[in-house]
1. With the requirement that a residue be assigned to a loop (DSSP other than H, G, I, E, B) and within 28 Å of Ile137 (Cβ to Cβ), what does segment 1-33 give you?
2. Quick one: which residue in Val135, Val105 is of a type in the set (A, V, I, L, M, F, W, C), at negative phi and not in a loop (DSSP other than H, G, I, E, B)?
3. Among what's in segment 157-169 and is out of contact with any Asp or Glu (no Cβ under 8 Å at 6 or more places or on another chain) and touching a residue at least 12 places away in the same chain (Cβ under 8 Å), pick the residue that is surrounded by the most Cβ atoms within 10 Å (Cβ to Cβ).
4. Among the numbered conditions (1) surrounded by 12 or more Cβ atoms within 10 Å (Cβ to Cβ); (2) assigned to a helix (DSSP H, G or I); (3) of a type outside the set (Gly, Ala, Ser), tell me where Glu66 comes up short.
5. For the structure I just gave you, tell me whether Glu154 is in contact (Cβ under 8 Å) with a residue 40 or more places away in the chain and either in a loop (DSSP other than H, G, I, E, B) or within 22 Å of Ile59 (Cβ to Cβ) (or both).
Amino acid sequence: MIIWLIGMSGAGKTTIGRHVCEQWKEFSPNTVLVDGDEIRELFKHDQRSGSHTVAGRRINAERITELCAWLDNQDINVVCCILSIFPEMREANHDRFSKYFEVYVSVPMETLRKRDVKNLYGPAINGDISDVVGVDIPFPEPTGSDLVLDNSLESSDPRQSATRILKAAGLMS
């Protein structure tokens, strides 16, 4: 099964995803985390010119999708944390994977800009950097997610969010 966590940079996908993976492994040890930033780093994708353009982001998204399909075909559960800016790829995931559960980790842009944990939004708004999703690259907000998780409050508990995801996916009671 694939649990696909979507959201903007700084929404908390990876933090929540790590907790989902940790809790899921307790009763299903064949579970792994696939994080978009880690895959980008693993393949040295950031070191290439244009790696954060829409075309570069598509290459990374296609790699991640292929990796998830490869793992899924081996009956390995995947928690995938990814920006996922290509709606047609998300739609195809429903047919591609043995079981697919999509979670939109929703945080308003105003909150993301205040958090700016990766120091992306401020420099992009000031024109110092480009190719930032949500500033000069659109983020097509998911409309068909199985679960929308509001992670805008600072008091949000990622462990509770992980439990909520696993319950909504039918993996915990």
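All of the numbers you see were taken from the coordinates with simple rules; none came from a lab. Remember, predicted model here, so these are calculated numbers, not experimental data. Backbone-built Cβ (ideal geometry, glycine too); neighbour counts: all protein chains shown.
1. Correct list: Gly7, Met8, Ser9, Gly10, Ala11, Gly12.
2. Val105
3. Ile165
4. If we test Glu66 against (1) surrounded by 12 or more Cβ atoms within 10 Å (Cβ to Cβ); (2) assigned to a helix (DSSP H, G or I); (3) of a type outside the set (Gly, Ala, Ser), just (1) comes out false.
5. The answer is no for Glu154.
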